[in-house]
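Data block below; observations after.
Throughout, read-outs are computed from the coordinates displayed, never taken from laboratory work. Note that the coordinates shown come from a computational prediction; the quantities given were computed from them, not determined experimentally. Virtual Cβ from ideal backbone geometry, glycine too; neighbours counted across all protein chains shown.
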Amino acid sequence: MLVKTIERVIAPGGTHFVGDGFRVHNIIPGSQGLSMQRMSPFIMLDYNSPYHFPASDTPRGVGVHPHRGFETVTIAYKGKVEHHDSSGGGGVIDEGDVQWMTAASGVLHKEFHEKEWSKKGGLFQMVQLWVNLPAKDKMSRPKYQALSNKDIGRYYLENNTGEVEVIAGVYEGIKGAASTFTPVHLLNVKLKQGGQAAFSFPANYNTAALVLEGKIRINDTHQVPTNHFALFTNEGEQFTIKTDEDAVVLVLSGEPIQEPIAAHGPFVMNTQQELLQAFNDYNAGKFGYLED
Ligand code: MN
């Protein structure tokens, strides 16, 4: 086994608002030349670094919009999000929870700060990741996996130096809470001062680490500051993360989906024809109905 080295460390860059409720750094594909194919199956990553929203009686967020062809994964670190969709589903993503929504053939949904949380306001920190679907599954039925923090399996690191929450995939024999269509590992790594964890993924998997809290060292060679994104090469398998302070790191690794990508806005398909079909189906009301 060889060491998986860092290709580059990407600074978070500027922010923009998604609706009025998410102030995000777009990291994938982003302004740093990280293409959808480069991090496939992770085709989009918006990171709402800690941001204070003042109290508001009207919850902030994003109104009704469609998705087709992929999955949206929302990880709440601070704050709460409430969602509703055209299939009648809905719920609250609380701190520590993950919502894994398979949009697949198409849903309408809306994402807002949870009502009571919004009334008080507070610090908000969230990740939204889009995981692509292979062509054969793009038109499968939509579904939701609401993963509450207590149901996410965790591996406790030696000497009480932290834990690894296994959102998807596997870590040290602990299986992920989410089911996925292609091989994906999504790990929320919480280290205490002096903590360390080792990782091993196939060389060809696209792999990265987003630092949400603290600063870390990868392979003892690279310092990665808070809010930065470390992109690994596609050579070697193993790496380590160490820290001298409390740190939280989202580690993502997945087998690339070797298919063409045709993407526009909320639709991610394989061909222009399929994209056009998505717009036509949306305009024809085939994604269902959801009240504003
Ligand atoms: Mn959405």
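Using Cα-Cα distances under 8 Å and only pairs 6 or more residues apart, what relative contact order does the chain have, in percent?
Across the chain, relative contact order equals 21 percent.
Take the alpha carbon gyration tensor of the stretch 117-163, find the square roots of its eigenvalues, order them as a ≥ b ≥ c, and report rounded if a/c is under 1.5; if not, report prolate when a/b exceeds b/c, else oblate.
Verdict is oblate for the stretch 117-163.
Pick out, from Thr180, Leu191, Phe70, the residue whose Cα sits farthest towards the positive end of the charge dipole of the chain, with +1 on the Cβ of Lys and Arg and -1 on the Cβ of Asp and Glu.
Phe70
Which residue, Ala278, Ala168, Ala55, has the most motion in a Gaussian network model of the chain that connects Cα atoms within less than 10 Å?
In the Gaussian network model the winner is Ala55.
Checking the a/c ratio against 1.5 first, then a/b against b/c, what shape does the Cα gyration tensor give for the stretch 235-292?
Since a/c reaches 1.5 but b/c is at least a/b, the shape of the stretch 235-292 is classed as oblate.
May I ask you to sort Met39, Met44 by Cβ crowding, counting other Cβ atoms within 10 Å and putting the fewest first?
Going from least to most buried by this count: Met44, Met39.
At 37 °C and a viscosity of 0.692 mPa s, what translational diffusion coefficient does Stokes-Einstein give for the chain, taking Rh as the Kirkwood radius over Cα pairs? Give it in µm²/s as a whole number.
170 µm²/s
Given Cβ point charges of +1 (Lys, Arg) and -1 (Asp, Glu) and nothing else, what value in debye, to the nearest 20, does the dipole of the chain about its Cα centre take?
For this selection, approximately 160 debye.
Mind listing the long-range amide H neighbours of Asp246? Cut-off is under 5 Å, sequence gap 5 or more, other chains count too, H placed in the peptide plane at 1.01 Å from N.
Here Gln193 satisfy the definition.
Take the eigenvalues of the Cα gyration tensor for the stretch 5-59, scale each by 5, and report the square roots as semi-axes in whole Å, largest first.
27, 12, 8
Using modelled amide H (1.01 Å from N, peptide plane; none on Pro or chain starts), what sits under 5 Å from the amide H of Phe22, excluding residues fewer than 5 places away?
none
Would you grab the residues whose amide H sits under 5 Å from the one on Lys286? Only those 5+ places off in sequence or on another chain, please, with H modelled 1.01 Å from N.
Long-range HN contacts for Lys286: none found.
Apply the a/c threshold of 1.5 to the C-alpha gyration tensor of the stretch 1-149 and tell me whether it is rounded, prolate or oblate.
Taking the square roots of the gyration eigenvalues as a ≥ b ≥ c, the stretch 1-149 is oblate.
Relative to the longest principal axis of the chain, what angle (0 to 90°, nearest 10) does the C-alpha long axis of helix 272-283 take?
In the chain, helix 272-283 runs at an angle near 50 degrees to the longest axis.
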